[in-house]
Structure formats: structure tokens, C-alpha cells
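What follows is one structure encoded as C-alpha cells, with my remarks underneath.
The values are calculated or read from the model by the stated rules, or taken from the named source; none is laboratory data. This is a predicted model, so every value here is computed, not measured. Neighbour counts are summed over all protein chains in view; Cβ atoms, including those assigned to glycine, are modelled from backbone coordinates with ideal geometry. Side chains included, ligands, DNA and RNA excluded: accessible areas come from the protein's heavy atoms. Shrake-Rupley method; radii C 1.70, N 1.55, O 1.52, S 1.80 Å.
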Amino acid sequence: MTDILSDYYLWVKSFHVMSVLAWMAGLFYLPRLYVYHVEGLKKQGVERDSDMDLLFRHQERLLLKAIMNPSLIASWLFGLMLVFTPGIVDWGSVWPWTKAASILGMTWFHMWCARQRKALADGSNTLTGRQYRMMNEVPTLFMVVIVISVIVKF
């Protein structure tokens, strides 16, 4: 099995990068949609179950289910394939551990976003647009740690 992973290393790495890019795009965009959704509900003419509210809920669900969830799964799958490729990860270094912790953090954030989507859909959301704006920075912090970990390999 490890010979196969070595033979297809560049392919696996390519698919990993593509899936991570798609996942990150969703992680950056979904909280921004939440900002517009929450703030739109406070504006005149946008009410619960209005056409605009239903449009936001549809966009949020589609982004999560059609793009973010599949790219999360693909990122994990191809990432684990890279981990099991001989000679790629030096577990005696710090960088694989900082990357792993950040990946777990991004996965937590993904799940948090999914819970927020349900709260917005069922009307139980308690967060403000400002709070969603602040949470929108979380994936950036994880991305910085991951990229520095992988490139610098400290």
C-alpha cells in the first residue's frame, strides 16, 4: 500500500491542495453569508420566512452541503493519504503537530458553522453580525499556522 502512495504522491498532493482550497473558500464565505443574513433580518422589509430569508437559508445550506462537506471529507482523505506516504511526515518535528491541531480546529469551526446554519434556519440564532464577523477570522488564523507549519517545517 505504501508503494502505491509513493507512486501517486504528487497526484494525492494535488487533490489535497484542491480540496483544501474549496474547503477554505467555504469557511471564509459561509460566516460572511451569516453576517448578511442576520443584518438583513434587522432591516425593513426582510422578515423571517420572507423570500430574502429563504434565499439566505438556501444559499447557506447549499454551500455547506454541496461544497464544504465534500471538500472537508476530501481534504481529510487526501491529507491522511499524505500522512501515510513514507518519508513525508517527520513526527519528531513540531510542524506536524501544529498542523494537526490547526486542522482539528478548522474541523471544529466547520461544525460550528453547520450548527449556526441550523440556528438561522430554525430561528434560534442569538449571534449578531458583529459576532459572525469576528468568527470569520478564525479560519484565517488556522490557515496561517498550517501554511507556516508545512512550508517552514519547524
Using only Cα atoms, find the angle between the long axis of helix 51-62 and the longest principal axis of the chain, and express it within 0 to 90 degrees, rounded to the nearest 10.
10
Loop-exposed trypsin sites (Lys or Arg not before Pro) per DSSP, neighbour cap 14 Cβ within 10 angstrom, longest uninterrupted part of the chain:
49-152
Carbon and sulfur together cover what percent of the accessible area of the chain at a 1.4 Å probe radius?
68
Given charges at Cβ of Lys, Arg, Asp, Glu: the chain dipole, positive-most of F109, M24, A74
F109
Calculate, in whole percent, how much of the Cα-Cα pair population of region 30-106 lies beyond 21 Å.
50
Nearest-ten-degree value, helix 9-42 long axis tilted from longest Cα axis of the chain:
20
At a temperature of 37 °C and a viscosity of 0.692 mPa s, determine how fast region 1-75 diffuses translationally according to Stokes-Einstein, using the Kirkwood radius over alpha-carbon pairs as Rh; express D in µm²/s, rounded to the nearest whole number.
229
Total Lys pairs in the chain closer than 30 Å by alpha-carbon, pairs eight or more apart in sequence or interchain only?
11
Given the rule -39500 (n - 2.57) for each run of at least 4 DSSP H residues, summed and divided by the residues of the chain, what is its mean residue ellipticity at 222 nm, to the nearest 500 deg cm²/dmol?
-25500 deg cm²/dmol
Expected-Rg normalisation [2.2 N^0.38 Å, Cα atoms] applied to the chain
1.23
If you wrap a convex hull around the alpha carbons of region 64-154, what volume per residue comes out, as a whole number of Å³?
97
Provide the per residue accessible area, probe 1.4 Å, for the chain, rounded to a whole number of square angstrom.
59
Nearest-0.05 FRET efficiency for L55 and S14, computed from C-beta distance (R0 35 Å)
0.50
